[in-house]
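Comments concern the structure below.
The values are calculated or read from the model by the stated rules, or taken from the named source; none is laboratory data. This structure is a prediction, so every number in the text was calculated from the model and none was measured. Here the Cβ is made from the backbone with ideal geometry for all residues, glycine too, and neighbour counts use every protein chain on show. Heavy atoms of the whole protein, side chains included, go into the accessibility calculation; ligands, DNA and RNA do not. Shrake-Rupley method; radii C 1.70, N 1.55, O 1.52, S 1.80 Å.
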Amino acid sequence: MKLRDLEIFVVAPPAPGWGGRYWIFTKVTTDNGIVGYGECYASTVGPKAMRAVIEDVFERHMMGESPENIELMYRRVYSSGFTQRPDPTVMGAFAGLEIACWDILGKARNRPVWALLGGKINQKIRSYTYLYPQPGEDASEFWVNADMTAEAAARYVDMGFTAVKFDPAGPYTIRGGHEPAMSDITRSVEFCRKIREAVGDRADLLFGTHGQFTTPGAIRMGRELEPYNPLWYEEPIPPDNLLEFAEVARQVRIPLATGERLTTKAEFGTLLRAGGVKILQPALGRLGGIMEAKKVAAIAEIFNAEMAPHLYAGPVEWAANVHFAASIPNLLIAETIETGGEFHLKLIKNSIKWEDGYIIPPEGPGLGIEFDEDLARAHAFTGTGLHLQMQEAPCDYRHGNRFEGGAPAANPTK
């Protein structure tokens, strides 16, 4: 059995686009006709350029190879061009192809991927969701209105979620870390207070940031959130400052979490050795795939650290996360999008189930999903924006900051 053909789908979820402006899926076919699906989360270049990278990685390093030889193909790609260092674009391309290989292997053996990863240690996967506005609500107001988000938190907890995530802490700018505006700190505290009042002790609060702050700024913000006992304080400083996470961890009594923008075990290993983070959030479609995630989880065990696979992408990465999560002992929680997200579930024909706060690992062969190619083609991405984009304007200390979460549908580049 050899890898033979590749097809790529770039899919735009319908507005409001939770999960990003587009998702990139790979379809790999073997010479004996077995089809596997994967997903690439890397988004440093646009879909046209990313398509070319995926094709190059496949043709140069994987075509004609056995899908069993994942370690060999990984080393070829990681070493390509005399590099041997983390590269989010190339490793993201490989990740989508590697996930497809696992789907193929499971189908060839008529076993779910989790069975090939050491078996199922977790019968169900605790999940969390971001807080999202309901249809018809003013999304731009929702992201800065603590009363609206507290209502959403209560709604999701009533569904069964035992953790909810929100990120009111100010703008994500291209300028690197900044000191938060006092109004951003005030709003963040108000969100924590009102959401905690709405859900009580029925759910954990997950305080999201996206690398906004300088080290002192992250400490200032984090200390103000401590009374509300969040389960984590996510990526408070830029991901290129790995050693500075340890300084934040020393000064703030909230566990730090990070990882969605990191790639390969090398970067996660640096975080663990420095002692800055005990909750790791790899995005499997950027990390390098399922095997690399298993390696990170094994390293994390040594440091008494837990895994919380990240998801702001499509349902194939979600499926990979679920199989990975089912197979590891140090799982904390896995991200989902609401109860799977309506379009997410349609794209895989409702082949993954969510029940009372938990994701149920599929029992079918491979990833256990049924990818709807017709629906994918009907929602082809035609925009010019990237999957997610950061703002160029700096933090506004005079008039306050208003921002939209996710990939807002109002963006003209959608």
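Counted residue by residue at 0.36 nm each, then reduced by the alpha carbon distance between them, the extension gain from Leu243 to Glu370 reaches 41.5 nm. Out of these labelled values of Cα extents along the principal axes in Å, [x] 71, 52, 33; [y] 71, 46, 39; [z] 61, 44, 41, which was calculated from the coordinates shown here? Matching the structure shown: [z]. Arg75 exposes around 100 Å² of accessible area when a 1.4 Å probe is run over every protein chain in place. With a simple spin-label model that places each label point 7 Å from the Cα along the Cα-to-Cβ direction, the separation between Glu197 and Ala52 comes to 5.5 nm.
Sorted largest first by accessible area at a 1.4 angstrom probe radius, with every protein chain in place, the residues Asp184, Asp158 fall in the order Asp158, Asp184.
Probing with 1.4 Å while keeping every protein chain in the model, the per residue accessible area of the chain equals 38 Å².
The residue list Gly385, Gln251, Leu271 was ranked by how far each Cα lies along the charge dipole of the chain toward its positive end, using unit charges on Cβ atoms, and Leu271 comes out on top.
For Gly118, the shell of other residues with beta-carbons less than 14 Å away shows a net charge of +3, using +1 for Lys and Arg and -1 for Asp and Glu.
Pairs of C-alpha atoms in the stretch 1-124 farther apart than 21 Å represent 41 percent of all such pairs.
By the rule of a C-alpha distance below 15 Å, with chain neighbours fewer than 8 residues away ignored, the aspartates and glutamates paired with Lys48 are Glu7, Asp56.
Working note: 222 nm ellipticity from helices only, DSSP H runs with n ≥ 4, each -39,500 (n - 2.57), summed and divided by the residues of the chain, gives -11500 deg cm²/dmol to the nearest 500.
Extension gain for the segment Glu392 to Asp5, taken as residue separation times 0.36 nm less the Cα-Cα distance, is 135.3 nm to one decimal.
Taking 0.36 nm per residue of separation and subtracting the current Cα-Cα distance, fully stretching the chain between Arg250 and Val45 would add 70.2 nm. Where both partners of a DSSP beta bridge lie in the chain, what percent of those bridges are antiparallel, to the nearest 5? Counting only bridges with both partners in the chain, antiparallel ones make up about 50 percent. Here the contact order of the chain, divided by its residue count and restricted to Cα pairs under 8 Å and six or more residues apart, works out to 24 percent.
Any idea how far the Cα center of the stretch 112-144 sits from the one of the stretch 313-377, in Å? Between the Cα centre of the stretch 112-144 and that of the stretch 313-377, the gap is 9 Å. Between the C-alpha center of the stretch 15-86 and that of the stretch 201-237 there is a gap of 34 Å. In this Cβ point-charge picture (+1 for Lys and Arg, -1 for Asp and Glu), the chain has a dipole of about 720 debye about its Cα centre.
When Ile219, Ile333 are compared by accessible surface with a 1.4 Å probe, the order from highest to lowest is Ile219, Ile333. Largest to smallest in accessible area, the residues Asp147, Asp87 fall in the order Asp147, Asp87 (1.4 Å probe, all protein chains included).
Remark: the stretch 232-384 is approximated by an ellipsoid whose semi-axes, taken from the C-alpha gyration tensor as √(5λ), come to 30, 17, 14 Å, largest first.
Taken about its Cα centre, the stretch 101-209 carries a charge dipole of roughly 920 debye when the Cβ of each Lys and Arg holds +1 and the Cβ of each Asp and Glu holds -1.
Shape class for the stretch 1-58: oblate, because the ratio a/c of the largest to smallest gyration tensor axis (alpha-carbon atoms, square roots of eigenvalues) is 1.5 or more and b/c is at least a/b.
Counting only protein heavy atoms and using a 1.4 Å probe, the accessible area of Val316 comes to about 0 Å². Rolling a 1.4 Å probe over the protein heavy atoms leaves Phe9 with an accessible area of roughly 10 Å². For Ser127, the residues 5 or more places off, or on other chains, whose built amide H falls under 5 Å of its own are Thr162, Ala334, Ile359. In this structure, the pairs whose alpha-carbon distance is over 26 Å, taken from Lys124/Lys295; Lys107/Lys294; Lys2/Lys294; Lys194/Lys294; Lys294/Lys346; Lys107/Lys295, are Lys194/Lys294; Lys294/Lys346. Is the shape of the stretch 212-256 rounded, prolate or oblate, going by the alpha carbon gyration tensor and its root eigenvalues a ≥ b ≥ c, with a/c under 1.5 for rounded and a/b larger than b/c for prolate? Prolate shape, in that a/c is at least 1.5 and a/b is the bigger ratio.
Mind pulling the angle between the C-alpha long axis of helix 146-159 and the longest principal axis of the chain? Nearest 10 degrees, somewhere in 0 to 90. Result, in degrees: 50.
Can you pull out the trypsin sites (Lys or Arg not before Pro) in the stretch 177-215 whose DSSP state is coil and whose Cβ has at most 15 other Cβ atoms within 10 Å? Those that pass, being in a loop and sparsely packed, are Arg202.
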